[in-house]
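First up is the structure itself, then whatever we jot down about it.
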Amino acid sequence: MGDFENWSIGGGASFRRIHQSASYVCKTVPSQQRDQSPRPSRLVPCMLRSSSSLCPFAVMSLISIHRGMMIVSLFVGLLLASSSSLVVAVMINNNDYDESGDGSCICALLERPNVLVKAKRARWMVHSLNFGILSTISSRLPGNPPFGNVISFVDGLCETSTGVPYFYGTYRDQSFMDAQKNPSASLTLSEASLPSLCTGTHPIKACASYTGRGDPENPVCARLNLTGKLVEVKQEENPAEYEMAQAALFQRHPVMPDWPENHHWIVAKLEIEDIWFIDYFGGPSILPVEEYLAVDLFRSLEVENADDHDR
């Protein structure tokens, strides 16, 4: 991670987490902005260094702030083991919503392809969206049931598209532990996640429950499932692919380079074997993998139609 991270709170302060070896120091620093509107709370843990060599208690401080009023409750409990640190959890009524609404995106959104060009629309989803649900065969639970996990991904840099999902993972993560035992996996995407891409982006009406007619399960709110094998892209074996994928991951998920080095991050990809896609009424389409991978996502629909007319 970086040197510190700030969490601003509605009462006009922020908690700064500063790395110091195995412990953290938490300080309050003035905030430049005050948010007077109530927001849902969240729990932020941090470690406070103690001057004592033996700290037999854990202190939990729950802070709730609403319109400038602060309510603090302290809870003291016995630590299960001796420690030189106090554990402090702070419940912060925080502005968790990005309301800048300026429409800025890391990558410019391409035009959504026509419903008739299924393979291209599936490729558009894989290139445009930035997270999905990765399902693996559990190596932890009896009977090896499926295990779903939210995961970030890319299929290339903003200006390129491979159609292949790449991930930045660690073998500390359950999904990657599962893949070591059984690499079978699937990635599920939904157009309902589109608003996460840009500030001020509105959902597709077919996906928006608040319209009274839309819903993520609406067939017109496209869903895509890619099934195959989750495999590591090893730098020493495929340096060009590794460097391309890592550059794309860092470009489109700019927090990733700051993740803890001791997690031993890897680049992985889903080797696609099956594509299940639904974006309209009448049931799903099973797309040929070769057709999907052959799509030129940046080739305009007008050019494609002209080529079809000339044939």
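The values are calculated or read from the model by the stated rules, or taken from the named source; none is laboratory data. The structure presented is a predicted model; accordingly, all values stated were derived computationally and were not measured. Areas reflect the complete protein model, heavy atoms only, side chains present, ligands, DNA and RNA absent. Shrake-Rupley method; radii C 1.70, N 1.55, O 1.52, S 1.80 Å.
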query = So how far, in whole Å, is the C-alpha centre of segment 235-302 from the one of segment 104-161?
reply = 7 Å
Karplus-derived 3J(HN,Hα), 6.51/-1.76/1.60, for each residue of segment 179-191, Hz, glycine and proline x = 5, 5, 8, 8, x, 4, 7, 9, 10, 10, 10, 9, 5
request  = Return the long-range amide H neighbours of Leu157 (sequence gap of 5 or more, or a different chain), with a cut-off of under 5 Å between placed amide H atoms.
outcome  = none
ask   = Can you list the HN-Hα couplings for segment 271-281, worked out from phi with the Karplus curve (6.51, -1.76, 1.60; θ = phi - 60°), rounded to whole Hz and with x for Gly and Pro?
value = 7, 6, 10, 8, 10, 10, 9, 9, 9, 6, 5
request  = Collect residues whose amide H, placed 1.01 Å from N in the peptide plane, falls under 5 Å from the amide H of Asp274; neighbours closer than 5 in sequence don't count.
outcome  = Thr227
message = Could you sort Glu273, Glu241 by their accessible area in this structure, using a 1.4 Å probe and putting the largest first?
response = Glu273, Glu241
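By accessible area of protein heavy atoms, probe 1.4 Å, what ranking do His264, His127 get, highest first? Can you show the working numbers first?
Values: His264 135, His127 10 Å².
These residues rank, largest area first, as His264, His127.
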key: Surface accessible to a 1.4 Å probe, His202 within the full protein complex, Å²   = 140 Å²
message = For a 23 Å ceiling on Cα separation, which of these pairs sit above it: Lys120/Lys234; Lys120/Lys269; Lys118/Lys234; Lys205/Lys269?
response = Lys120/Lys234; Lys118/Lys234; Lys205/Lys269
query = Ignoring ligands, DNA and RNA, how do Phe131, Phe298, Phe277 rank by accessible area with a 1.4 Å probe, largest first?
reply = Phe298, Phe131, Phe277
query = Which of rounded, prolate, oblate describes segment 137-218, given a ≥ b ≥ c as roots of the alpha-carbon gyration tensor eigenvalues and a/c under 1.5 marking rounded, otherwise prolate only if a/b is larger than b/c?
reply = oblate
